[in-house]
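Take a look at the structure below.
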Amino acid sequence: MRTLLRNALVLLLVLTVLTGMAYPLVVTGIAQVLFPHAANGSLIVHDGKPLGSELIGQPFSDPKYFWSRPSATTPFADNSASSGASNLGPTNLALTDAVKQRITALRAADPGNTAPVPVDLVTASGSGLDPHISQAAATYQVQRVARVRGLAPVQVAALVAQATEGRQFGVLGEPRVNVLKLNFALDGQ
């Protein structure tokens, strides 16, 4: 019995050192050498201050900025620590009311825009933290952002085109626009 207990404790200690210390240190070291930007959170830094991560959606509600996809964590102030979906189905009244409120906010920010509102501007994703919006969602907001900033719409559309990322590996997903990068480029105008 003692031999069994001793073997179990030794195995626990060995596996703890291997999988709990050595493996994470090796993987972290490799990531720091090969992919330092990604390994450190893919932060966008300006003047030595981090503005945010290009991988986590940021909330924007000022009309001079492009708005992100709504977060399912919104009642908790866009808290990335509470990432997750709302789990509200299409027949749920709370979801319907939330979508209506988001459409109203978009229409209030840009009353002259009568185009259909892209779905990704009024529905949250599974994680609730998407950093991207569709090209349609960005195009929908071009006129408002241009008007509020006093820029030509063609100038803002060019920034959208520059911030558009293609399909992953050329085939996966759809072209998308990183909202934080786009808004950072707008502030540089």
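What follows is calculated from the coordinates using simple rules that are stated; it is not laboratory data. Only a predicted model underlies this, so the values are computations on that prediction, with no experimental measurement involved. For neighbour counting, all protein chains shown are included, and Cβ atoms are generated from backbone atoms with ideal geometry for every residue, glycine included.
Selection of first residues in the stretch 51-73 that are touching a residue at least 60 places away in the same chain (Cβ under 8 Å) and basic (Lys, Arg) and of second residues that are part of a loop (DSSP other than H, G, I, E, B) and crowded, with 22+ Cβ neighbours inside 10 Å, restricted to Cβ pairs under 7 Å at least 6 apart or on distinct chains, gives the following pairs, ordered by first then second residue: Arg69/Gly57; Arg69/Ala124.
One residue stands out in the stretch 51-64 among those that are within 16 Å of Pro111 (Cα to Cα) and not acidic (Asp, Glu): the one that is surrounded by the fewest Cβ atoms within 10 Å (Cβ to Cβ), namely Ser61. Pairs are defined by a Cβ separation below 6 Å, a sequence spacing of at least 6 or placement on different chains, a first member in the stretch 11-37 that is surrounded by 10 or more Cβ atoms within 10 Å (Cβ to Cβ), and a second member that is part of a helix (DSSP H, G or I); the pairs so defined are Ala31/Ala39; Gln32/Ala39. Of the listed requirements (1) crowded, with 16+ Cβ neighbours inside 10 Å; (2) within 20 Å of Gly52 (Cα to Cα), Gln162 misses just one: (1).
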